C-alpha cells in the first residue's frame, strides 16, 4: 500500500514543482531564513505558538531529527515544544493503528486544553498584517 502511494506523483504545475525543489529542498531556504514568498520573507521565528511535533521512528521522508530540528528555527519557547516519536513511518503517522491509538490522543488533548473555553490566552506576538493588495483567488 505505501509503495503505491509513494509512487503516485502529485499533479502540480512543473514550474511550481521546480520552485519547490530549488528553494525548499536544494536551497533549504525555509530553515536558513532566506525563503521569500510573494515578496515577503517567510520567517519561522514568527511562529510562537505551542508546537506539537510527532515523528515516525522509521520515517524516511521526514526523519525524526529533521522534524525536531524545526523547533530550533521557530520562536516558540522550548518549554512549549512537545516532541514525540511514534512507531512506524511517514504514512503510519496518519493511518497507523498505534499512532492513532497511542500518539495522537495525548497531543490532541494538549491542543484541546489550550483551545477550550477558559483556557489561558497568550498575548499575540505581533501578527503580520494582511496586505490589501494580495490578489484573492477563488477556491477550486
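The values are calculated or read from the model by the stated rules, or taken from the named source; none is laboratory data. These numbers were taken from a predicted model, which means no experiment stands behind them. Cβ coordinates were reconstructed from backbone atoms using ideal geometry, including for glycine residues, and neighbour counts include every protein chain displayed.
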>> Based on this model, can you work out whether residue 22 counts as surrounded by fewer than 14 Cβ atoms within 10 Å (Cβ to Cβ), without any contact (Cβ under 8 Å) to a residue 60 or more places away in the chain and not assigned by TED's automatic domain parsing to the domain that holds residue 103?
In response: yes
>> Here are the criteria: (1) closer than 28 Å to residue 28 by Cα; (2) touching a helix residue (DSSP H, G or I) at 6+ places or on another chain (Cβ under 9 Å); (3) surrounded by 14 or more Cβ atoms within 10 Å (Cβ to Cβ). Tell me which single one residue 104 does not satisfy.
In response: (1)
> Considering only residues of the stretch 30-59 that are outside any loop (DSSP other than H, G, I, E, B) and without any contact (Cβ under 8 Å) to a residue 12 or more places away in the chain, which is nearest to residue 86 (Cα to Cα)?
Replying inline: 32
> So how many residues does the stretch 61-89 have that are more than 20 Å from residue 47 (Cβ to Cβ) and either touching a residue at least 60 places away in the same chain (Cβ under 8 Å) or loosely packed, with under 13 Cβ neighbours inside 10 Å (or both)?
Replying inline: 2
